[in-house]
Each structure stands twice: as C-alpha cells, then as structure tokens.
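So the structure is just underneath, and the comments pick up after that.
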Amino acid sequence: MAPTQFRTLRLAIDGGLPVRSPDAGWPTWPQPAKGAEEELLTVLHSGRWALSSPYRGELSERRFADRFARYTGARHCIPTDHGSSALVIALESLGLDHGDLVLVPALTWTASATAVLRAGLVPVLVDVDPATGCVDPGTLDLDVGARAVIAVHWACSMADVPALTDIAGPRGMSVIEDAAQAHGAQWQGRHAGTLGRVGCFSMQHGKVLSAGEGGAVVTDDDDLAPVLQELRADSRRYGTDRRPGALELVEDPSTMGANFCMSEFNAALLCAQLGPLERQNAIRAANYDRLAGLLSGIPGVRLPWRRPQQDRLSLYEVPLILDPLPEGRDNAWAAQALSAELRTHVYTPRTPLSRSALLRPWTKPTIAPLADRFVALHRDRGYPGAEYVAGHAVVLHHSAFLGPPTDMDDIAEAVAKVVTGPGRHADEPRPGRTAKVGGHA
Ligand SMILES: Cc1ncc(COP(=O)(O)O)c(C=O)c1O
C-alpha cells in the first residue's frame, strides 16, 4: 500500500472521511470467558469468599495457582491481589537489605518502580533499547551497585532475561521478571515469567488475562515458594489440614508478611479466563503478523524489533514507531489522528518514569530516606532510548487485534493516510472505498 495514494485525502481529524466504517466496531475488552458466570456464582453461594476462611472444599485460589503454574511451566504459583503486590513480595523474598538498589527500566508502568520503594529498596531507573522498549543486557548499568534488576517485558517485546541473568548473576544480582504485560509470551519455548528467579504477573482489567484486579508470582525455587506464600498472607502459608472448618492457612512463619491475598471471586474468574487465553493469543499474533506485512510497505513506520529467540508473541499493546514523525507534528497528534481514522482509542506510550508525575517518592514522608537517595541517584542520568520510544510511538491495545484479519487492513490504511502528513489537502474519495462512504464523512 503506497502512502502516496492518500495524499489528496482530508484526514478524519480535520473533518475528512474516517478509514473505519461507523458500523464496523472493535472487539471489546474484557470478554467474559465461557463458564465465567458459573464460576462466580459458585463462589457466591459457597460460603467461602477468601483464602483465610475455614475449609469447605477446594479453594478457587489454589485451583488457579495450580492451573497457572501448569500453564507457564513453573513449579510454583502464588496468586496475589495485584501485580504490584506480586512485585513487592518477589522483591521481599530475595532477602535484600533496606535501601539496596534495584535497576528498573524507565519505560514501564510506575508499579515496577513503586513496588521497589514499597519493599524498602531504591529503584535506579535505567534506559531501554529503543528497538525493543526493554532493558538491553549490553548496556545494563552494572556500576551503580544494584542487587537486583527488574526485567520488564514491555508491550509485546520480551527482555532478554537469559542474557541479563548471565551478566547480573555473577555480580550477585537477581533478575525479577515483570511479566505483567506478557502472559503466554515465550522465549525459546519457555514462558515469560519462568526465565528469571521469580516472575510477576498482573491480572488487572486491561491485561490479556484479567479478573479486574489480580496478580501472581511464579518460581521454580522450592525454598522461595513457602516464603512467598507467607509474604502475601500475613505470615501464613498453606497447611495440609483439609477437615471442614479447619483453616487452610497455618501459622508457622519464617518471615513476616502482609495481606496481599487474591479473593475467591477473582481466582474463580481467572480459572475461567485462562481457558481462551491461548486461542486469543494466537488470534492476536496472527493479526500482528498480517499487520507487520502490511506496514512493511509503508515507509516511516515500524513495529518493535522482535528478538529471534522470542518464539511466541503475547500482545498487551502494539506500539507503532513513527520515524520520521509526520511533518510538523508529534506522536500525540498522530495518535489523535489515528483515533479519528479508526474510531478507537490510539494513544502514546507512558511518560518515561524519569519524568513521570506518578513516580515522586519525595511526596511520601514515610519513605523520605529512600526518596532522598532516589533523587540523589538520578541527578545525572539520561534516557534517550525511552524518550525516543515515548516520542515516536503510537499504541494500540491488544483488543484491536482480536477481530478479523481485515481489521489489520484498516489499521494499515489509517497509518498510511496519517503518516503522509496533516490533512492539508482537498477531499477526494479513496480508490475502492467509495461504496463504504455512505454519507458519514
Ligand atoms: C509492567 C507492569 N508492571 C506492573 C504492573 C502492576 O500491576 P497491577 O496494576 O495489577 O498492580 C503493571 C500494570 O499495569 C504493568 O503493566
């Protein structure tokens, strides 16, 4: 598809005809899976809404833990109430000292860094590879003296966790995978979340596996698993007493925890939502491949570079990198222009954490010493890779990839139209689309 074909078209943002027909619609998200309603009703009437209540039959929480462990291939799964809590207990389980430093990519959701502070540690923001949006093992900051690194699998890219482990391990640094955006992604046949020492997931509303809120930690480490259980259940872990009325959680702690338990409703819902995940991931991946093919014919647009070892995609968001940006415009404008063409929300990546309003630890007096250290450590750091992505990408949510392949044709057509530049041209019907015009311009 040659962008020149659209040169004479007025953009939808300027009052022209949108590429997307008004009756086409887009897949909604979240989508209740088959059996979700029954799962929720079963819990509702079970007399058991929480893990910390007396035994009355199999817990949904343990059922989900078993299923998610099997799905990812991990030996253990510890469900949590949020992905942020999963990160907090993962960090706490490592036995680091108060104030130790943890490397966190500058391009991620704020929780990857705030979890570090909540665990009594100090995040050190590091730059990302602009080709992937993930931390690059080749440029990882090893001089700062960090004890751990959070490897975020960003949007639809996977960080090279094996290479990060090879570099970080000999220096006594642990690698925590933040796989909040990567359920089902695989690296040489291994699931995201199982490549580092511990892997953390979020099941928040927008994620590809969702219960509205939720999270999980997975690990193969038999010693870490009971510690993680205690850290998320007020120092208690699963017991073996299955008599009705007995408590499922026993008090024999080795470490002090807090309450980060997943509710029975969320766990039951997740058991149902796990059912279609692989099928949905496959649909999204096939659509992504189709879009990649279509975009390859449009100069100035590219998808993130996918490392050859990443053999299975999981799309949380799909960033389209616009380089160069449309003449005289920024990517915020491009996102608005694409939203207008496609009649769906296209947006820009999050502001890098180095200047994010959501990461201001100095506003919290209870962590003042950690905040002071954070401020001092960040005085002279730069993030050209993260800034490049934040300034050149426009982002589509994974739900836009759940429909028919022809949806990708609309996305590619809209991109081609927008990258040719602002709508400064006269209206003319597009070749082959006049039948769809129908008077909604
Ligand atoms: C990369 C990343 N890490 C952590 C989280 C935190 O997860 P939650 O919102 O479930 O606490 C998110 C959620 O958006 C995320 O995208």
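If the Cβ limit is 8 Å and pairs must be 6+ apart or interchain, which residue in the range 128-139 that is more than 11 Å from residue 389 (Cα to Cα) pairs with which residue that is among the β-branched types (Val, Ile, Thr) and part of a loop (DSSP other than H, G, I, E, B)? Note: pairs meeting the criteria are 135/128; 136/128. Condition test on residue 111, is it touching a strand residue (DSSP E or B) at 6+ places or on another chain (Cβ under 7 Å) and either of a type in the set (A, V, I, L, M, F, W, C) or at pLDDT 95 or above (or both)? Spelling it out, it is not the case that residue 111 is touching a strand residue (DSSP E or B) at 6+ places or on another chain (Cβ under 7 Å) and either of a type in the set (A, V, I, L, M, F, W, C) or at pLDDT 95 or above (or both).
Here residue 140 fits the description: of a type in the set (A, V, I, L, M, F, W, C), more than 16 Å from the ligand (Cβ to nearest atom) and at pLDDT below 95.
The lone criterion from (1) surrounded by 19 or more Cβ atoms within 10 Å (Cβ to Cβ); (2) within 15 Å of the ligand (Cβ to nearest atom); (3) closer than 30 Å to residue 133 by Cβ left unmet by residue 173 is number (2). The residue that is farthest from the ligand (Cβ to nearest atom), among those in the range 198-221 that are more than 9 Å from residue 181 (Cα to Cα) and assigned to a strand (DSSP E or B), is 219. If I filter the range 405-432 down to residues being modelled with pLDDT under 50 and among the small types (Gly, Ala, Ser), which single residue comes out as surrounded by the most Cβ atoms within 10 Å (Cβ to Cβ)? This residue is 423.
In the range 379-394, the count of residues that are at pLDDT 95 or above, within 18 Å of residue 291 (Cα to Cα) and not acidic (Asp, Glu) is one or more.
Going residue by residue through the range 63-70, is there one that turns out to be part of a loop (DSSP other than H, G, I, E, B) and either among the acidic types (Asp, Glu) or at pLDDT 95 or above (or both)?
First pass over the range 63-70, keeping only residues part of a loop (DSSP other than H, G, I, E, B): none.
Among the residues of the range 63-70, not one is part of a loop (DSSP other than H, G, I, E, B) and either among the acidic types (Asp, Glu) or at pLDDT 95 or above (or both), which makes the answer no.
Table: residues versus (1) outside the structural domain of residue 251 (by TED's automatic domain parsing); (2) surrounded by 22 or more Cβ atoms within 10 Å (Cβ to Cβ).
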| position | (1), (2) |
| --- | --- |
| 18 | yes, no |
| 25 | yes, no |
| 45 | no, no |
| 60 | no, yes |
| 63 | no, no |
| 66 | no, no |
| 78 | no, yes |
| 85 | no, yes |
| 95 | no, no |
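Among the residues of the range 313-363, those identified as under 21 Å from residue 18 (Cα atoms) and in a loop (DSSP other than H, G, I, E, B) are 325, 326, 327, 329, 330, 343, 344, 345, 346, 348.
Working only within the range 85-108, note down all residues that are more than 14 Å from the ligand (Cβ to nearest atom) and in a loop (DSSP other than H, G, I, E, B). First the steps, then the outcome.
Of all residues in the range 85-108, those more than 14 Å from the ligand (Cβ to nearest atom) come to 92-101, 103.
Within the range 85-108, 94, 95, 96, 97, 98, 99, 100 meet the criteria.
Among the residues making up the range 303-312, those that are assigned to a loop (DSSP other than H, G, I, E, B) and surrounded by fewer than 21 Cβ atoms within 10 Å (Cβ to Cβ) are 303, 305, 306, 307, 308, 309.
Residue pairs whose Cβ atoms lie under 8 Å apart, sitting 6 or more positions apart in sequence or on different chains, and linking a residue in the range 199-212 that is closer than 25 Å to residue 148 by Cα to a partner that is within 9 Å of the ligand (Cβ to nearest atom) and among the hydroxyl-bearing types (Ser, Thr, Tyr), are 202/84.
The values are calculated or read from the model by the stated rules, or taken from the named source; none is laboratory data. What you see is a predicted model, and the numbers here were worked out from it, not measured in a lab. When we count neighbours, we look across all protein chains shown, and the Cβ atoms used for this are built from the backbone with ideal geometry, even at glycine.
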